[in-house]
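Everything on this sheet refers to the single structure shown next.
The values are calculated or read from the model by the stated rules, or taken from the named source; none is laboratory data. Predicted model, so just to flag it, every value in this text is computed and none were measured. Here the Cβ is made from the backbone with ideal geometry for all residues, glycine too, and neighbour counts use every protein chain on show. Calculation scope for accessible area: heavy atoms of the full protein, side chains included, ligands and nucleic acids excluded. Shrake-Rupley method; radii C 1.70, N 1.55, O 1.52, S 1.80 Å.
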Amino acid sequence: YYAAREQLATEAAARSEAQRLAVDAQLRLLRAQLEPHMLFNTLANLRSLVREDADRAESMIDQLIVYLRSALAASQTESVALSREFAQLRAYLDIMSLRMGPRLTYTLDLPPELEATTVPPMLLQPLVENAIKHGLEPKVGPGSIEVVARAVTGITAGIEIRINDSGLGLPADEEDGPGVRPAGTSYGLQHVRERLHAVYGPAARLSLERRRPAGVSALVFMPDRPGATRVHPSSLTSIRREGPP
C-alpha cells in the first residue's frame, strides 16, 4: 500500500514538473515572438524621430530600456510582484503612446495591497498587446486602454484583472452571440489560459467580454494560492497612474 502510494505521488510530481516545463517552453516561444516584433517597430519609429523630434526620441529610448530590463529580469524567474508586472506594462504603453500619439491614452490601476502579490511573469503583456494590435491600432480616431486589478473575496478569493479597450471590438460574426466569451484561440490568448491553469489550477480563468458601445474587456481571475498574504485594504487607497506622461 505504502509503495503504491509513494509511486502515485512520484508520478503526480513528474507530471506536474513536465507540465511546468512545457509552459516555460511556451513562454520562451511567446517572448521570442513578442519582443523582436515590438523592438523592430520601436527602432523603426526611433529612426524617424531622431531627426524630427529629439525629445520624443529620447523619451522612447528611456522607456525601451526600462521595458527590456524588465523583460530580461522576468525571463530569469518563475514569478514577479504584480507591481513589477504593471511597471513593465507602463513602459510598453509609454512606448506605444509615443508611437501612436494622441490616438492612445491609457490608465493603470493597481491597489497598494496587491502590489507585492506574485504572478507569472509577462502574464498580462499578450493581452495588452492583443488589445492594441487588434482593437486600437486599426481603429480610426483616438482610443484608450485600461488595466485594473482588484481583490476578490468570497468562496473563491483571489485577484481579478481587467484589460479594457475602446477598440473595434469582437469580430462581426460574434456580434449576435452571448456577451461573455471564453478565451479565444489565438496563440497569445491560449497561452495565457494554459499558464493560468498550470499555475493556479482549474479555478483560474480568462474570458473576453463585449463592451458597449465598442471595445473588449479581457478578464483574468487568479485564485489565492496557499500562503498568500496581502496588506489589509482598509488603510490603503488605490494608486491610479495614467499615461502617456
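Here are a few things to note about the model shown:
- Members of region 84-110 that are more than 16 Å from LEU124 (Cα to Cα), surrounded by fewer than 20 Cβ atoms within 10 Å (Cβ to Cβ) and touching a strand residue (DSSP E or B) at 6+ places or on another chain (Cβ under 8 Å): ARG103, THR105
- Within region 187-227, the set of residues being open to solvent by less than 20 Å² (accessible area, probe 1.4 Å) and among the basic types (Lys, Arg) comprises just one member, ARG195.
- Region 142-156, subset farther than 15 Å from LEU93 by Cβ and not hydrophobic (A, V, I, L, M, F, W, C), residue nearest to the chain's Cα centre (by Cα): ARG150
- Just one residue in the set TYR106, TYR92 is among the aromatic types (Phe, Trp, Tyr) and either in a helix (DSSP H, G or I) or modelled with pLDDT under 85 (or both); that residue is TYR92.
- Candidate set: region 60-83, residues that are at pLDDT 90 or above and assigned to a helix (DSSP H, G or I); chosen: the one least open to solvent (accessible area, probe 1.4 Å): LEU82
- Listed here are the strands (runs of 3 or more DSSP E) enclosed by region 145-245 that have at least 1 residues being at pLDDT 70 or above and under 18 Å from GLU85 (Cα atoms): 158-165, 205-210, 216-223.
- Condition met for PRO121 (open to solvent by 20 Å² or more (accessible area, probe 1.4 Å), touching a residue at least 24 places away in the same chain (Cβ under 8 Å), assigned to a loop (DSSP other than H, G, I, E, B) and of a type outside the set (A, V, I, L, M, F, W, C)): no
- Of all residues in region 125-150, exactly one satisfies the criterion of being open to solvent by less than 10 Å² (accessible area, probe 1.4 Å) and polar (S, T, N, Q), namely GLN125.
- Candidates ILE95, ILE159 - the one that is without any contact (Cβ under 8 Å) to a residue 60 or more places away in the chain and either out of contact with any Pro (no Cβ under 6 Å at 6 or more places or on another chain) or not β-branched (Val, Ile, Thr) (or both): ILE95
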